[in-house]
Amino acid sequence: MISDDLLGNDAHWAFGTDFEDPLAGVDTTVPDGVDPAALARYCLMLGDDALVLSQRLSEWCSRAPDLEEDIALANVALDLLGQARLLLARAAAADPSVVPALPDDSPVPAEDALAFFRSPAEFRNVTMAELPNGDFAETITRLLLLSICRLAEFESMVAHPDAVLAAVAAKGRKELAYHRDFAARWFVTLARGTAESRRRVLGALDGLWAFWPELDAPADVEVVLDQVFAAADVSRPEVTPARGLGRECVHTEALTDLLAEMQSVARAHPKGLW
Amino acid sequence: MSEWPLYEVFLRSKRGLNHVHVGSLHAPDDRFALMHARDVYTRRNEGVSIWVVRACEITASSPDEKDPMFAPSGDKVYRHPTFYDIPEHVPHM
Amino acid sequence: MTVTETELAGHFEATVARGDRVEPRDWMPEAYRKTLIRQIAQHAHSEIIGMQPEGDWISRAPSLRRKAILLAKVQDEAGHGLYLYSACETLGTSRRELTEKLLSGKQKYSSIFNYPTPSYADVGTIGWLVDGAAICNQVPLCRTSFGPYGRAMIRICKEESFHQRQGYELLMTMMRGTDEQRAMVQESVDRFWWPALMMFGPPDDASPNTEQSMAWGIKRNTNDELRQKFVDMTVPQARALGVTLPDPELRWNSERQAHDFGEPDWHEFWAVVKGNGPCNAERLDRRRSAHEDGAWVRDAAVAFAEEGAR
């Protein structure tokens, strides 16, 4: 394997120290008092949010408004992909029964089995993450809403009794703080830019707001969000909440399509080595 | 259609070293220029310090000015005053 | 004192002859400037258009590890394009102007990116052969006579070697996989071998600009020299990989201490250059819509910055 000389220690890589096995050298014993099945479910929730949003963001690659934004969105997608990989690996190590069955001689690692061989009805991501990208305003607004909540989740996860999860949180919170700042800056810019950009960002917010309750934001997140809205001169939309049931594995067609594409090569070669 | 102005980017790769010119980018304002510089030129390497400055605000001398052969090229509109040499010790070059 | 054009030209030529770099504020012949703009712009456009053929596989990469490597690689290409556009801007043009020339077909990009990528193995082959050929072309450019171009190339070459190695490593891994994967690798190499050889440009006797570019120190080697170097470098790599290069005339010539090889189909080369390749229209259309769809975003940011400045 070439991971060391090929990838070196470049901070470019938003991953752990070993690129082959994301949890190499980590004690994955589930601590006393933590239910392995519940831990795995929690990791899948957060891992699937990251994986699905990363997939959406990477669709911008070569299509962003300018080169600088192309690079920025890819950075966010790479961070989330790194988080997804760690969290899915943690889920598999905590409770191997969540990993889909593959032929005995399949070389597919557990986190890839979870990403590429589960059906949509086994994914636990929130609905907002799976919706199609829409325009740049929709992408930015979604990233703002999701990263503001995910950052709060990671801030509290730093104290999680599971040392692996606590370490994932400690690393990820810095990334998420940047994602939130990036999205907030663009959100305010679009809201106060031109008449067209304002119209687009308000429309994006209206469309996404129905899925906000599913994110179950704590009170302090609502406060931060209101600060961003104030800076953008935007008020909370009056929209009837949608019944987002992503956490219970109920999804829209958009996730089915996203996964069909994402999983196509892996599933065509279940015994393939990549 | 408007084009974002050009910025020059300088990085301090670790404490104790000078900021060194690493390249350029376009950004609508100073804050975005800093974010873009981080994304383009540090790929999120923690602990570095970044300077950004609008290219048009750099005042530069020309190395050839002492040379009798120097001719002012005032008729040419250059967007960059100059580039700068990059020492070997700066990472991610 | 008035300095004559002849004296300036003499100074410029002496600088180049000493192997010194020409810097943006130096006097330079108009033809030198135009040649540089054309070459650097074409190079920048190639990086940006080159994001597409591989980028199309990011969404389908078959492992999380491969997805990350590929996304990072395609992102690097955006970065390379950005460095090169910046180098070109020191010559008195702008990224917008260059983008418009790309979209109107006034400036070209490397023909290799007009070939389709129907197989995931193409990600590996592009890394190995296409990036490998690019490195052969680009390493000498680190010493090119125009300072900003050379400095951009130094950065780019450092990143490109990672690109080539990730491609080769993907192919090596696939060759250790299933029979089907091995067949995918061979099929992909069969499709990309000849287009990769064409990346060095037409044969020297059909390359009218080469002589002047070499005299100016913009170019350091002829097309045929670089093509030969690439073939000699690649043959042992192909052997180690276990694939066959699709050229019956390819063999070692001990007299020349180099490989003999067949002639690429130059009719195909010129057809693709002239816009009749399999994907020319598609590549430019994608670039055009990204540019046009992004206009309102760029405008909004400018409007907001102006509001802040007031």
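FYI, it's all coordinate maths here, none of it is from the lab. Remember, predicted model here, so these are calculated numbers, not experimental data. Cβ sites come from the backbone with ideal geometry, for glycine too, and all protein chains shown count toward neighbours.
With θ set to phi - 60° and the Karplus curve 6.51 cos²θ - 1.76 cosθ + 1.60, what are the ³J(HN,Hα) couplings of the range A:78-91 in order, to the nearest whole Hz, using x for Gly and Pro?
The phi angles translate into 5, 4, 5, 4, x, 5, 4, 5, 5, 5, 5, 5, 5, 4 Hz.
How charged is the neighbourhood of C:Glu160? Take every other residue with its Cβ under 12 Å from the Cβ of C:Glu160, and add Lys/Arg as +1 and Asp/Glu as -1.
Values: positive: C:Lys73, C:Arg155, C:Lys158, C:Arg165; negative: C:Glu47, C:Asp76, C:Glu77, C:Asp131, C:Glu159.
Result for the local shell: -1.
Over what distance in Å are the Cα centres of the range A:211-274 and the range C:81-126 separated?
34 Å
Under Stokes-Einstein, with the Kirkwood radius over Cα pairs standing in for Rh, what whole-number D in µm²/s applies to the range C:146-291 at 37 °C and 0.692 mPa s? List each step's numbers first, then the result.
Details: Rh = 18.0 Å.
After rounding, the answer is 182 µm²/s.
Using alpha carbon centroids, what distance separates the range A:182-200 and the range C:134-197, in Å?
Here the two parts' Cα centres lie 40 Å apart.
Extending each Cα 7 Å along its Cβ direction at A:Ala24 and A:Cys249, get the distance between those two points in nm, one decimal.
In this crude label model, A:Ala24 to A:Cys249 measures out at 3.3 nm.
Percent relative contact order of chain A, based on C-alpha pairs within less than 8 angstrom and at least six residues apart?
Over chain A, the number comes to 22 percent.
Would you list C:Val185, B:Val20, A:Val158 from fewest to most Cβ contacts within 10 Å?
A:Val158, B:Val20, C:Val185
Take the Cβ-Cβ distance between C:Glu211 and B:Lys14 as r, set R0 to 51 Å, and report the resulting FRET efficiency rounded to the nearest 0.05.
0.65
Could you please report the charge total around C:Ala121, scoring K, R as +1 and D, E as -1 over all other residues with beta-carbon less than 11 angstrom from its beta-carbon? Mind showing how you got there, number by number?
Values: positive: C:Arg182, C:Arg191; negative: C:Asp122, C:Glu180, C:Glu187, C:Asp190.
The answer is -2.
Taking H placed 1.01 Å from N in the peptide plane, check which residues at least 5 places from B:Val53 or on another chain put their amide H under 5 Å from its amide H.
Amide H neighbours of B:Val53, under 5 Å, 5+ apart: B:Glu8.
For the protein assembly as shown, take the alpha-carbon Rg, divide it by the Kirkwood Rh, and send me Rg/Rh.
Working: Rg = 26.1 Å, Rh = 26.7 Å.
Rg divided by Rh gives 0.98.
Would you compute, for the Cα atoms of the range A:30-106, the largest minus smallest coordinate along each principal axis and list the three values in descending order, in whole Å?
In descending order, the Cα extents are 49, 33, 13 Å.
Show me, for the range A:32-39, the HN-Hα J-couplings you get by feeding each phi into the Karplus relation (A = 6.51, B = -1.76, C = 1.60, θ = phi - 60°), rounded to Hz, glycine and proline as x.
Result, rounded to whole Hz: 4, x, 10, 7, x, 5, 5, 4.
Going by alpha carbons, how many degrees (0 to 90, nearest 10) lie between the helix axis of A:195-209 and the longest principal axis of chain A?
In chain A, helix A:195-209 runs at an angle near 50 degrees to the longest axis.
As I understand it, the value is the acute angle between the Cα axis of helix A:219-232 and the longest principal axis of the Cα atoms of chain A; what does it come to in degrees, rounded to 10?
50 degrees
Kindly write out, for the range A:257-263 in residue order, the coupling ³J(HN,Hα) from the Karplus curve 6.51 cos²θ - 1.76 cosθ + 1.60 (θ = phi - 60°), rounded to whole Hz, with x marking Gly and Pro.
Values, residue by residue: 5, 4, 6, 4, 6, 4, 8 Hz.
Hey, got the average number of other protein chain Cβ atoms within 10 angstrom for residues in A:187-198?
Mean partner-chain Cβ count within 10 Å for A:187-198: 5.
Considering every residue in B:19-28, what mean count of other chain Cβ atoms within 10 Å of its Cβ is obtained?
For peptide B:19-28, the averaged partner shielding equals 6.
May I ask for the net charge around C:Gln186, where only other residues with Cβ less than 15 Å from the Cβ of C:Gln186 are counted and Lys, Arg are +1 while Asp, Glu are -1?
-2
In whole angstrom, how long is each semi-axis of the equivalent ellipsoid of chain A, when you take the square root of 5 times every eigenvalue of its Cα gyration tensor and sort them from largest down?
Whole-Å semi-axes of the equivalent ellipsoid: 31, 20, 19.
Before rounding to the nearest 500, sum -39500 (n - 2.57) across all DSSP H runs of length at least 4 in chain C and divide by the residue total; then give [θ] at 222 nm in deg cm²/dmol.
Result for chain C, helices only: -20500 deg cm²/dmol.
Hey, got the average number of other protein chain Cβ atoms within 10 angstrom for residues in A:260-270?
Numbers: counts 1, 2, 6, 2, 4, 9, 7, 1, 4, 8, 1.
Per residue, the number of nearby Cβ atoms from other chains is 4 on average.
Which value does Rg/Rh take for the range B:6-61 over its C-alpha atoms, Rh per Kirkwood? It would help to have the intermediate numbers written out before the result.
Details: Rg = 11.0 Å, Rh = 11.4 Å.
Across the range B:6-61, the Cα-based Rg/Rh ratio is 0.96.
Could you list C:Ser289, A:Ser106, A:Ser58 in order of exposure, starting from the residue whose Cβ has the fewest other Cβ atoms within 10 Å? Write down the numbers at each step before the final one.
Details: C:Ser289 11, A:Ser106 16, A:Ser58 25.
By the 10 Å Cβ count, ascending, the order reads C:Ser289, A:Ser106, A:Ser58.
Tell me, C:Glu255, A:Glu261 in order of fewest to most beta-carbon neighbours within 10 Å?
Lowest to highest Cβ neighbour count: C:Glu255, A:Glu261.
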